[in-house]
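Remarks on the structure that follows.
The values are calculated or read from the model by the stated rules, or taken from the named source; none is laboratory data. Since this is a predicted model, take the numbers as computed values, not measurements. FYI the Cβ positions are ideal-geometry reconstructions off the backbone, even for glycines, and counts take in every protein chain you see.
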Amino acid sequence: EVWAEMYRAHPQGLNLNTGDPTVVPRWLFMMTGGLTTGGVVFLFLARKKFIAPEAASQFARTGPILILLGVIGQLATGTWAVMAQKPELREALFGHVVFGSSVWLWVLAMLAMGAVGLLTLKNPATQSYLLPGIAGAVLFLEVLFGAVARSGIRDLTLLSYGLDVWDRQVASNWLVVGAFLLLFVLAIGVLFWLATVVARAKGVEERYV
């Protein structure tokens, strides 16, 4: 009802939905997530041979800090976003086996990410890919569990208004689905081929006369 009323009053779409108490924490949750992702990317960049030593050193020092800031920010804003939900919705969320478990698994993933950030902060000069690899895997799990938990909030919110998204009659257009899957597989193949070309490419030695 709030969204419909807002768009009737401001059809240009320039007004923030101030009637929804979850807007600000959800937006901040999204923004702080960029810090975590950026920190993991920095860990990988710090170990690349084509990166200048000065830049690599800066990446190695900054990456763990971004990870820790992102973990603290996402835990805080994620808790805020959940607590901003209606009490009955929170009860349904944590009472659901899949959705409730995903919330706690997401918390564990964030704590693991924080541990990786602390370890890399203590030894930023190492060239091993072990910790960045672990950070990348944990980041994937964090996003996965967060997406499932977010879907739970959405589905349970709609269910409270009488719309069960899991009990809908769906007529799939298999031609479109098949075309998408085919193009997706082809795109993955092209990217893999490009990656192998880059891996086999030899550096060019610059000479000045």
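For the stretch 184-194, does any single residue satisfy the condition of being within 30 Å of residue 101 (Cβ to Cβ) and assigned to a helix (DSSP H, G or I)?
Within the stretch 184-194, the first condition is being within 30 Å of residue 101 (Cβ to Cβ), and the residues that meet it are 184.
Subset that is assigned to a helix (DSSP H, G or I): 184.
Looking for residues that are within 30 Å of residue 101 (Cβ to Cβ) and assigned to a helix (DSSP H, G or I), one finds at least one in the stretch 184-194, hence yes.
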Does residue 121 fit the bill of being of a type in the set (A, V, I, L, M) and either within 27 Å of residue 148 (Cβ to Cβ) or part of a loop (DSSP other than H, G, I, E, B) (or both)? no
Scan (1) in contact with a helix residue (DSSP H, G or I) (Cβ under 8 Å, 6 or more places away or on another chain); (2) touching a residue at least 24 places away in the same chain (Cβ under 8 Å); (3) in a helix (DSSP H, G or I) for the single condition residue 56 breaks and write down its number. (2)
Being surrounded by 17 or more Cβ atoms within 10 Å (Cβ to Cβ) and among the hydroxyl-bearing types (Ser, Thr, Tyr) is the filter; apply it to the stretch 80-120 and report the residue that is modelled with the lowest pLDDT. 120
Index of the failed condition, residue 159 passing every other in (1) closer than 30 Å to residue 25 by Cα; (2) not in a helix (DSSP H, G or I): (2)
Could you grab me the full set of residues in the stretch 7-46 that are outside any helix (DSSP H, G or I) and either in contact with a Ser or Thr (Cβ under 8 Å, 6 or more places away or on another chain) or farther than 28 Å from residue 109 by Cβ (or both)? 10, 11, 12, 13, 14, 15, 16, 17, 18, 19, 46
